[in-house]
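Scroll down for the structure; my scribbles are underneath it.
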Amino acid sequence: MQLRRLAQRGALVFVRYALAEPAALTTGASVCYVLERDRLYDRLVLRDLCLRRDWPQAGSPLPDGRPAVLGLREYRGRLLRRLAPSAVSRLGDIVGWLEENPDADIELVPVAVFWGRSPAKERSWLKLLLTEDWVASGRIRRAFSILVHGRQVLVKVSKPVSLRRLVDEGLTRDRITRKAARLLRVHFRRQREATIGPDLSHRRLLVDEVLASPPVRQAVQREVQIKHRSERRVEKRARRIAREIAAHYSHAVVRILETIFGWVWHRLYDGVEVRHFDRLSEIAVGSEVVYVPCHRSHIDYLLLPYVIFTRGLVPPHIAAGINLNLPLIGPVMRRAGAFFMRRSFRGDALYSAVFRSYLAAIIVRGFPVKFFIEGTRSRTGRLLDPKLGLLSMTVESFLRDRRRPVVFVPVYFGYEKVVEGQTFLSELRGQGKQRETFASALRSLRALREHFGTVDVSFGEPIHLDAVLDRMRADWRNHDVEQFFRPAWIEQAVASLGRDIMIAINEAAIANPVSLVALILLTMPKQAIVEIELRKQLALYLRLLDAAPYSPRAGHTALEPAQIIEHCERMGWLARRPHPLGDIVYMEERKAVLASYHRNNIVHMFALPSLIAATLCNRNEIGSTELAITLKRLYPCFKAELFLRGDAGALDAEVDRVVSAMAAVGIVEQGMGLVTRPRETHVTAAQFALFCGIVEPYIEHYFLAVIYLIEHGSGTIDKAKVVASCVDAADQLARLYTVNSPDLFEAGLFETLIAGLQQQGLVTEDADGRLSFGEPLARVAEDLGRLLRPRLRQTLENFAAAATTTPARAAEADGAAVARPAEFG
């Protein structure tokens with residue numbers, strides 16, 4: 001026995017393996033290990049693992065005297081190697097023994113060993129040539145694979161499966177044996193798909209399958225009839241479109257990119273913090289996983305697949321804009337799993353049919369997919385409204401082929417500095433969007449000389465598509481979806497799913513040091529504060545996030561307030577001005593404008609507590625009942641803009657929870673059915689004022705839009721005119737009284753606000769596009785006005801009045817606006 005163990009250890013002297021899913025085999029039943037492929041070194045790795053983990057030994061016999069390990073498939077053939085089933089007869093023997101011993105049980109433990117697919121940090125280029133795949137490899141290739149990948153092995157041990165349960169079902173021995181073998185085959189296939197990717201056909205064969213699909217054939221025939229072209233010519237065009245779209249996935253290229261990007265992330269960032277990834281390995285087996293991240297930067301394209309791959313899952317196929325199909329870069333992206341799409345399918349039915357069929361093909365085959373739910377990068381740091389095109393295609397694909405459940409995985413990215421920050425500001429100020437070129441890609445390499453801090457990649461709560469459909473229509477399983485007809489309930493389900501994804505992304509948000517400092521300093525008139533006050537405010541925010549977390553998956557930096565300030569200084573966000581009464585830390589104007597992006601990443605986490613505080617801005621106390629009524633009228637406006645969690649039915653409980661937490665950390669006082677603000681002489685009075693300032697810009701904008709509507713009158717103005725007027729007024733406010741950040745007067749902000757008012761039924765749009773409203777909108781205006789300081793409210797009313805009165809009155813209103821003191825920042 002000792003000689004055998006020494007020989008085994010000697011054979012594995014150059015082998016290093018990682019256990020991806022450490023199962024706890026503590027059962028008292030006999031254990032039979034089932035290898036996916038019966039290979040000598042797989043058996044040696046398994047035996048060594050059992051010794052190290054103190055598990056039942058793979059070399060020991062079962063009660064029937066046979067070895068406690070078997071291979072589901074074995075290699076056969078001398079010259080042409082092939083994989084053939086080998087476990088059926090052995091499983092039949094075990095089932096027969098269990099039938100003869102009704103009180104005994106034997107548990108099957110599936111074990112998959114992947115050579116060259118470990119998240120270890122080995123960086124040998126030779127290993128990239130021989131990687132784990134689906135085909136049967138010859139003896140020479142296996143020998144080289146063991147030599148090359150010996151230190152990069154991934155072992156996945158799954159939960160035990162009781163054979164006794166199958167035997168007790170009362171089936172015949174033959175049926176039990178075939179059922180057990182089928183369950184094992186399905187399990188291993190799903191495990192391999194989740195680890196190295198599905199067994200996709202050659203790209204050419206996949207393109208042929210897409211072109212032969214009924215939707216594409218019908219689209220070809222329609223174009224032949226409508227445009228009077230030959231069928232051969234249209235088919236050639238369809239093939240060109242398919243080749244333009246299709247990915248050409250290569251595991252070897254992915255491994256090469258893993259090496260490159262590992263070095264890049266080390267140069268750019270202090271670290272990549274990954275949160276809530278643990279459940280994905282379980283979800284990925286047997287499900288179609290669709291990653292739907294927010295879109296902050298072009299870095300997102302590269303970072304998420306890297307994170308997924310280095311943690312043992314196959315990287316997704318990525319929907320990329322055709323603008324990124326650049327020379328040299330495009331082919332590499334294709335081999336990393338990118339498939340390209342045009343910005344618009346409008347007017348090209350053939351392109352739409354080919355793209356939809358291609359997306360359906362890769363979904364049906366089980367390849368994970370990733371697309372950015374916002375459609376483009378956010379220039380302000382706030383989440384954009386979801387684009388529903390790809391989402392709708394994914395839902396329709398599932399409804400036509402329901403073999404694999406679809407799970408959407410929201411992903412939040414939190415950067416401490418974005419590579420495109422300055423570009424975003426230029427675009428918001430009116431400069432045209434820069435076109436991606438190969439030269440611009442080369443220029444972006446200059447970023448390798450800069451420092452970008454830490455990146456948070458936080459995975460949100462998975463959203464199961466069937467659960468969303470159940471909520472929208474209980475009998476959806478009884479309905480077939482036709483290719484050219486989409487029922488209204490599907491559109492409603494897709495819209496609801498889009499909102500759910502955006503809310504789930506925000507629920508996974510992480511408050512990093514830069515976003516917390518920006519949240520505070522951007523409420524200060526000159527973006528400056530005494531250092532000790534900044535420490536106190538940071539400590540207050542961190543305590544509130546601990547006392548009332550925004551959601552179970554939300555989080556914040558582990559740094560202490562002093563460390564946060566030091567970190568932001570080191571990154572260049574903060575400057576320091578020594579002073580005898582205490583150093584002043586501040587942001588230069590250019591930095592402050594850029595910091596608004598990071599503030600907007602987390603403003604939703606403080607929206608409700610800050611809104612609660614704002615109700616006390618002009619009063620000392622408010623009754624709990626009045627507070628609840630006010631928030632029920634105002635919260636939907638903020639919810640629509642910031643994708644806040646919760647609905648009207650759960651708002652009361654959430655307000656109670658947040659108010660209790662605010663009282664616990666000293667922002668407010670609570671008792672006798674009242675919520676009270678700190679006394680002006682209290683040490684927390686200044687902190688309370690800063691806290692109110694978090695949502696003040698939103699209250700200003702909402703009040704401005706509502707007052708514009710009321711000043712013009714119901715049914716007299718269209719949405720475009722309201723948005724344009726509000727943008728001009730907000731622009732002037734920002735230029736005069738606050739940091740001149742374009743995100744404060746972005747048209748999209750007011751468009752979303754008016755859309756939210758329409759969703760609530762406060763505003764309606766007639767056939768001519770004019771907006772109508774009634775008394776409920778006036779009550780909203782009254783509630784908003786009570787949250788604003790009196791002179792600030794008067795200034796906004798003057799701006800609104802100036803747009804609807806004579807030039808003389810407009811000049812008078814402008815004069816009143818200019819007279820506003822700087823305290824109204």
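The values are calculated or read from the model by the stated rules, or taken from the named source; none is laboratory data. Computed from a prediction, not measured in an experiment: that's the story for all the values here. Every residue, glycine among them, receives a Cβ derived from its backbone with ideal geometry; neighbour counts consider all protein chains shown. What goes into the accessible areas is simple: the full protein's heavy atoms, side chains included, and nothing from ligands, DNA or RNA. Shrake-Rupley method; radii C 1.70, N 1.55, O 1.52, S 1.80 Å.
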Would you mind telling me which numbered condition in (1) within 30 Å of Thr423 (Cβ to Cβ); (2) surrounded by 14 or more Cβ atoms within 10 Å (Cβ to Cβ); (3) within 31 Å of the chain's Cα centre (by Cα) Leu611 fails? (1)
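Can you tell me how many residues in region 560-572 are outside any helix (DSSP H, G or I) and either under 25 Å from the mean Cα position of the chain (by Cα) or modelled with pLDDT under 95 (or both)?
The number of residues fulfilling the criteria is 2.
Matching residues to (1) among the aliphatic types (A, V, I, L, M); (2) modelled with pLDDT of 90 or more; (3) not in a strand (DSSP E or B):
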| position | (1), (2), (3) |
| --- | --- |
| Ala664 | yes, yes, yes |
| His682 | no, no, yes |
| Ala686 | yes, no, yes |
| Glu700 | no, no, yes |
| Arg735 | no, no, yes |
Here are some residues: Arg175, Arg190. Which one is under 29 Å from the mean Cα position of the chain (by Cα) and assigned to a helix (DSSP H, G or I)? Arg190
Quick one: how many residues across region 372-381 are at pLDDT below 90 and among the charged types (D, E, K, R)? 2
Counting only residues in region 597-607 that are surrounded by 23 or more Cβ atoms within 10 Å (Cβ to Cβ) and either at pLDDT below 90 or not basic (Lys, Arg) (or both), the one nearest to Asp546 (Cα to Cα) is identified as Met605
Just name the residue that is surrounded by the most Cβ atoms within 10 Å (Cβ to Cβ) out of those in region 755-785 that are among the charged types (D, E, K, R) and without any contact (Cβ under 8 Å) to a residue 24 or more places away in the chain. Glu782
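Taking region 274-298 as the region of interest, how many residues are of a type outside the set (Phe, Trp, Tyr) and within 14 Å of the chain's Cα centre (by Cα)?
So the count comes out to 12.
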For Ile707, all conditions in the list (1) β-branched (Val, Ile, Thr); (2) open to solvent by 10 Å² or more (accessible area, probe 1.4 Å); (3) touching a strand residue (DSSP E or B) at 6+ places or on another chain (Cβ under 9 Å); (4) not in a loop (DSSP other than H, G, I, E, B) hold save one; what is the number of the exception? (3)
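For (1) touching a helix residue (DSSP H, G or I) at 6+ places or on another chain (Cβ under 7 Å); (2) of a type in the set (A, V, I, L, M, F, W, C), each residue gets a yes or a no:
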site: Ala495; (1), (2): no, yes
site: Ile505; (1), (2): no, yes
site: Ile510; (1), (2): no, yes
site: Pro513; (1), (2): yes, no
site: Ala518; (1), (2): yes, yes
site: Met524; (1), (2): no, yes
site: Ala528; (1), (2): no, yes
site: Ile532; (1), (2): no, yes
site: Gln537; (1), (2): yes, no
Among Arg543, Arg553, which is the only one that is open to solvent by 10 Å² or more (accessible area, probe 1.4 Å), touching a His at 6+ places or on another chain (Cβ under 8 Å) and in contact (Cβ under 8 Å) with a residue 24 or more places away in the chain? Arg553
Residue by residue through region 73-113, note down the ones that are open to solvent by less than 10 Å² (accessible area, probe 1.4 Å), among the aliphatic types (A, V, I, L, M) and modelled with pLDDT of 85 or more. Leu91, Ile94, Val95, Leu98, Ile106, Leu108, Val109, Val111, Ala112, Val113
Helices (runs of 4 or more DSSP H) wholly in region 579-645 with at least 1 residues that are basic (Lys, Arg) - which ones? 589-602, 624-642
Answer residue from region 335-351, given it is surrounded by fewer than 20 Cβ atoms within 10 Å (Cβ to Cβ) and small (Gly, Ala, Ser) and is modelled with the highest pLDDT among those: Ala349
Can you pull out the residues in region 332-379 that are part of a loop (DSSP other than H, G, I, E, B) and of a type in the set (Phe, Trp, Tyr)? Phe345, Phe367, Phe371, Phe372
Only residues that are among the hydroxyl-bearing types (Ser, Thr, Tyr), outside any helix (DSSP H, G or I), touching a strand residue (DSSP E or B) at 6+ places or on another chain (Cβ under 9 Å) and surrounded by fewer than 19 Cβ atoms within 10 Å (Cβ to Cβ): list them for region 246-286, please. none
What pairs can you find where one residue is in region 698-720 and of a type in the set (Lys, Arg), the other is outside any helix (DSSP H, G or I), and their Cβ atoms are less than 8 Å apart, with a gap of 6+ or different chains? Lys719/Glu765; Lys719/Gly769; Lys719/Leu771
From the residues in region 450-478 that are in contact with a Gly (Cβ under 9 Å, 6 or more places away or on another chain) and among the aliphatic types (A, V, I, L, M), which one is nearest to Glu569 (Cα to Cα)? Val455
Residue count, region 371-390 (criterion: open to solvent by less than 30 Å² (accessible area, probe 1.4 Å) and either in contact with a strand residue (DSSP E or B) (Cβ under 8 Å, 6 or more places away or on another chain) or basic (Lys, Arg) (or both)): 6
Residues that are under 30 Å from Arg735 (Cβ atoms) and open to solvent by less than 50 Å² (accessible area, probe 1.4 Å): does region 557-565 have at least one? yes
Within region 770-795, restricting to residues that are touching a Ser or Thr at 6+ places or on another chain (Cβ under 9 Å) and small (Gly, Ala, Ser), the one that is nearest to Ala755 (Cα to Cα) is Ser772
Looking only at residues in region 445-477 that are of a type in the set (Gly, Ala, Ser) and either open to solvent by 60 Å² or more (accessible area, probe 1.4 Å) or assigned to a helix (DSSP H, G or I) (or both), which one is modelled with the lowest pLDDT? Ala447
Considering each residue of region 320-334, count those that are in contact with a helix residue (DSSP H, G or I) (Cβ under 8 Å, 6 or more places away or on another chain) and open to solvent by 10 Å² or more (accessible area, probe 1.4 Å), and give that number. 9
Condition set open to solvent by 10 Å² or more (accessible area, probe 1.4 Å) and touching a residue at least 40 places away in the same chain (Cβ under 8 Å), scope region 298-308, selection nearest to Ile256 (Cα to Cα): answer is Tyr306
Restricting the first residue to region 461-478 and requiring it to be farther than 16 Å from Arg402 by Cβ, which pairs with a second residue that is assigned to a helix (DSSP H, G or I) and of a type in the set (Asp, Glu) meet a Cβ separation below 6 Å and a spacing of at least six or different chains? Ile463/Asp500
Between a residue in region 225-254 that is free of Cβ contacts under 8 Å to residues at least 60 places away in the same chain and any residue that is in a helix (DSSP H, G or I) and open to solvent by less than 80 Å² (accessible area, probe 1.4 Å), which pairs come within a Cβ distance under 7 Å, given they are 6 or more apart or on different chains? Arg229/Glu223; Glu231/Val220; Glu231/Val224; Glu235/Val220; Arg239/Val207; Arg239/Leu211; Arg243/Val207
